[in-house]
Amino acid sequence: MEIIKSVKKLREITAQARDKGLSIGLVPTMGALHDGHISLVDRARSENDIVVVSVFVNPTQFNNPDDLRTYPRTEEADCRRLADARVDYAFIPTVEEIYPEPDTRVFDLGPVAQVMEGAMRPGHFNGVAQIVSRLFDIVRPHRAYFGEKDFQQIAVIRRMVATEGFDIQIIDCPIKREPDGLALSSRNVRLTPAHRAEAPKIHAILAASVADRATKTVAQVTADVIAAIDASPLMETEYYQIVDPVTLQPVTSWADTPHPVGCVTVWCGDVRLIDNIKY
Ligand code: PAF
């Protein structure tokens, strides 16, 4: 595996690969890699000739300076994991390399970006669109891989790809979980032991609520999930919404869409966890 720090060099390498007719898969990450990331890499490895993984903690998508400051950074361990996963190129640029000038672009991300994370974290999705479009422009991959834990993010990226005219296939990959059900996240390492022990309840509560679809309304299931999470003294729900999987708009009836998705954000101590479930 080659570690690349320069935008110019990565552009040259990926342009040459495309000229040779090789397919390129890109896995964008912010590092602190876990098995969820590696599952995206494995999928990219199985579907492409060349695999590029970016490791870049993108400052423009953090609306909370403390979150940016405390975001885990584990570059050496990340490089070892990526080499073991047979990645061809790890792209690990500095902030100045990615943003030689401040990125002032404002994306038209539409209604998918205005609800849930978009409403709670102003500017977050515009920052995601900035970095992902920049990576797409540098690497020009054939396929890009994203985890379904960030369910709304995938919808926002699909919208950005459509409006910016990128010819890139967006591949969504299933959530990876700990054996106790907690969705893998780089932020899990920041949980205290007590919060770590409590956090698997989030998935357990969501999973149990799926059966309730047969007997309860969307509003009742929503209220019950929030009440069950908030019954824990160590957790507090920021939002729980059952939404259409494409438009991300809340549904009011199970009949509104064949495959609704419940999206949750929970404060577990001072760590903000997100998860989702398909109904
Ligand atoms: O999901 C993430 O880790 C980030 O939002 C992404 C897509 C790598 C952009 O910084």
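Read-outs throughout are calculated quantities, based only on the coordinates presented, and are distinct from any laboratory measurement. Every value quoted in this text rests on a predicted model; they were computed, and no experiment measured them. Cβ placement follows ideal geometry from the backbone for every residue including glycine, while neighbour counts extend to all protein chains displayed.
Some notes on this structure:
- Rough spin-label spacing in nm, given labels placed 7 Å along Cα→Cβ, for residue 49 and residue 255: 5.3 nm
- Compared with the rule-of-thumb size 2.2 N^0.38 Å for a compact globular protein, region 205-279 has a Cα radius of gyration ratio of 1.06.
- Within a straight-line Cα-Cα reach of under 19 Å, residue 8 can be paired with the following aspartates and glutamates, leaving aside sequence neighbours fewer than 8 residues apart in one chain: 19, 88, 96, 97, 101, 103, 137.
- Under the simplified labelling scheme, the residue 73-residue 158 pair shows an inter-label distance of 3.5 nm, with each label point 7 Å from Cα along Cα→Cβ.
- Rounded to the nearest 10 degrees, the inclination of helix 35-47 to the longest alpha-carbon principal axis of the chain is 50 degrees.
- Degrees, to the nearest 10: 7-19 long Cα axis against longest axis of the chain: 80 degrees
- Each peptide among 89-95, 141-147 gets the average number of other Cβ atoms lying within 10 Å of its residues, and from highest to lowest they stand as 141-147, 89-95.
- Taking 0.36 nm per residue of separation and subtracting the current Cα-Cα distance, fully stretching the chain between residue 177 and residue 35 would add 50.2 nm.
- Gained length - residue 247 relative to residue 5, 0.36 nm times residue gap less alpha-carbon distance: 83.5 nm
- Gyration tensor verdict on region 21-73 (Cα atoms; rounded if a/c is under 1.5, prolate if a/b is larger than b/c, oblate otherwise): prolate
- Cα-based reach from residue 5 at 25 Å (exclusive), listing lysines while leaving out same-chain residues under 8 positions away: 20
- Across 201/278; 9/176; 149/216, pairs whose alpha-carbon gap is larger than 28 Å: 9/176
- Over the chain, relative contact order from alpha-carbon pairs under 8 Å, at least 6 apart, %: 18 percent
- Short-range pairs are left out: with C-alpha atoms under 8 Å and at least six residues apart, the relative contact order of region 134-229 is 21 percent.
- Tilt relative to the chain, helix 75-84 - C-alpha long axis, 0 to 90 degrees, to 10: 80 degrees
- Extension gain (nm, one decimal) between residue 169 and residue 96, 0.36 nm per residue minus Cα-Cα: 23.5 nm
- Relative intensity of the chain on a log10 scale, I(q)/I(0) at q = 0.13, 0.16, 0.17 Å⁻¹, equals -0.90, -1.33, -1.46, per a Debye sum over C-alpha point scatterers of equal strength in the absence of solvent.
- For peptides 164-171, 271-278, 247-254, sequence by mean Cβ density within 10 Å, most packed first: 271-278, 247-254, 164-171
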